[in-house]
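Quick notes on the structure that follows.
The values are calculated or read from the model by the stated rules, or taken from the named source; none is laboratory data. Keep in mind that this is a model prediction, so the values were computed, not measured. As a convention, Cβ positions derive from the backbone with ideal geometry for all residues, glycine included, and neighbour counts pool all protein chains shown. Accessible surface areas use protein heavy atoms only, side chains included; no ligands, DNA or RNA. Shrake-Rupley method; radii C 1.70, N 1.55, O 1.52, S 1.80 Å.
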Number of protein chains: 2
Amino acid sequence: MKGINLEDMSFLLKLISDKTRLTMLAYLKNGEMCVCEFVAVFDLSQPAISQHLKKLRTAGIICERKQGTWVYYRLNPDLPVYISDLIRALPTLIIKKCSCQTSKLPPTPSVKDGV
Amino acid sequence: MKGINLEDMSFLLKLISDKTRLTMLAYLKNGEMCVCEFVAVFDLSQPAISQHLKKLRTAGIICERKQGTWVYYRLNPDLPVYISDLIRALPTLIIKKCSCQTSKLPPTPSVKDGV
DNA sequence: TATAAATATTATCATTCACTTATATATTGC
DNA sequence: GCAATATATAAGTGAATGATAATATTTATA
């Protein structure tokens with residue numbers, strides 16, 4: 001996945017520059033995040049969150065991992081350099097508590113579990 | 001001029017990500033460029049060009065230099081790092097010939113003239 | 001299998017945005 | 001001052017976009 005020409009770069013930058021999606025990427029700097037966590041963090045409806053994530057996923061910016069009913073998203077490790085540089089420039093955000101039934105949440109496999 | 005928070009970054013990235021404006025910045029990597037040159041390069045009306053340049057100027061991405069009837073634009077040397085990095089990632093474009101009366105054009109002062 | 005929870009999809013709507021046309025402003029040279 | 005050139009501004013329009021509400025899909029569990 002490379003942003004060779006201006007057309008592609010324009011497309012990806014426009015996709016990323018939306019405030020909600022840019023904030024999503026800032027959160028994903030820390031690692032995986034569940035859809036329900038995004039729903040908890042933003043003052044937006046669940047469908048709105050879902051649609052933003054779909055755009056990022058379709059563009060290849062993020063990857064998904066399904067575990068039961070939950071869907072976890074993470075940054076695509078193979079991003080164009082100018083995109084990963086941009087993400088690196090984002091402030092790091094703290095993840096708030098999830099709105100879903102956290103007691104039933106499967107343990108989020110951390111990096112060291114080697115997913 | 002710094003893009004500290006996500007709000008500012010979103011604003012600037014959205015502004016830059018437009019294909020026409022991104023292409024303008026790619027041209028400006030080479031140095032100054034006259035408005036009439038932009039008009040010659042793009043398949044857009046003169047007012048459309050003017051409005052794009054105004055957005056870039058108002059946001060502090062580019063600076064202007066007036067010389068007679070002509071207006072030259074150049075990159076603001078003091079851009080947020082993540083913006084200048086982005087511009088550096090842009091392909092370098094060749095400037096086509098201007099549509100205005102080139103015979104009357106004042107000589108464009110190059111970098112070595114120390115404007 | 002029925003229910004609930006998490007997520008995705010669809011339809012619709014309001015807003016934003018980039019474009020065009022028309023007009024205004026500014027500078028140069030006669 | 002007047003005409004021509006370069007650029008900017010204003011008004012209006014169509015398309016793209018982000019939001020919501022309603023509904024569908026999927027999975028776990030009682």
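Sorted from shortest, what are the nm distances separating the label point of A:Ser84 from equivalent points in the other copies, each placed 7 Å from Cα along Cα to C-beta?
Here A:Ser84 shows inter-copy label distances of 2.3 nm.
Using protein chains only (no ligands, no nucleic acids) and a 1.4 Å probe, work out which residues of the range B:13-43 have their accessible area cut by at least 50 Å² relative to the chain alone.
B:Leu13, B:Ser17, B:Lys19, B:Leu22
May I ask you to evaluate 6.51 cos²θ - 1.76 cosθ + 1.60, the Karplus curve with θ = phi - 60°, for each residue of the range B:40-45 and list the ³J(HN,Hα) values in order in whole Hz, giving x for glycine and proline?
Karplus-based 3J(HN,Hα) across the range B:40-45 equals 5, 7, 9, 8, 9, 5 Hz.
Ranked from the most accessible area to the least, with a 1.4 Å probe and all protein chains present, what is the order of B:Arg74, A:Arg88?
Ranked list, largest accessible area first: A:Arg88, B:Arg74.
Would you mind checking which residues have amide H under 5 Å from A:Ile62's amide H? H placed 1.01 Å from N; only 5 or more apart, or other chain.
Answer set, sorted by chain and number: A:Arg57, A:Asn76.
From the protein chains alone at 1.4 Å, what is the descending order of accessible area for B:Phe11, B:Phe38, largest first?
Descending accessible area places them as B:Phe11, B:Phe38.
Got a number for carbon plus sulfur as a percent of the range A:6-92's accessible area, 1.4 Å probe?
Result for the range A:6-92: 50 percent of the exposed heavy-atom area is carbon or sulfur.
Given a 1.4 Å probe and the protein chains all in place, what does the accessible area of B:Lys55 round to, in Å² to the nearest 10?
Only protein atoms counted, so the area is about 110 Å².
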